[in-house]
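**Q** Sending over a structure as structure tokens; questions will come in a sec.
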Amino acid sequence: MVNHMRHTSGHRDQRRANQTLEAVNLSKCGHCGEQKLPHKICANCGYYNGRQVVDVLKKLDKKERKKKEKELAEKEGAKT
Ligand SMILES: [Zn+2]
């Protein structure tokens, strides 16, 4: 059996019309306000559901840690 249905440009284009990528859905971190993926720990401050789950300072070296600590403290201060 030979499939002899002609593949027209319209058929091709209709098929490809469904191959688009959707924009990633982002939500805001309740702790630092940074954009994050929903139902995921915030990559910026390590918080999820109002508590710190991951220590984001642990993997940083001394210089970067200082910078990050300052950054987080500033955000904390701006909120209260
Ligand atoms: Zn955060």
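**Q** Restricting the search to the range 32-42, which residues are touching a residue at least 12 places away in the same chain (Cβ under 8 Å) and touching a strand residue (DSSP E or B) at 6+ places or on another chain (Cβ under 9 Å)?
**A** Within the range 32-42, 32, 37, 38, 41, 42 qualify.
**Q** Of all residues being closer than 27 Å to residue 59 by Cα and among the basic types (Lys, Arg) in the range 1-43, which is farthest from the ligand (Cβ to nearest atom)? Just the residue, please.
**A** Across the range 1-43, the extreme among qualifying residues is 40.
**Q** Also: Is there any pair linking a residue in the range 10-30 that is in contact (Cβ under 8 Å) with a residue 12 or more places away in the chain to one that is open to solvent by 100 Å² or more (accessible area, probe 1.4 Å), with Cβ under 6 Å and at least six apart or on different chains, and which?
**A** Close Cβ pairs satisfying both conditions: 26/35.
The values are calculated or read from the model by the stated rules, or taken from the named source; none is laboratory data. This structure is a prediction, so every number in the text was calculated from the model and none was measured. Backbone-built Cβ (ideal geometry, glycine too); neighbour counts: all protein chains shown. The accessibility values were calculated without ligands, DNA or RNA, using every heavy atom of the protein model including side chains. Shrake-Rupley method; radii C 1.70, N 1.55, O 1.52, S 1.80 Å.
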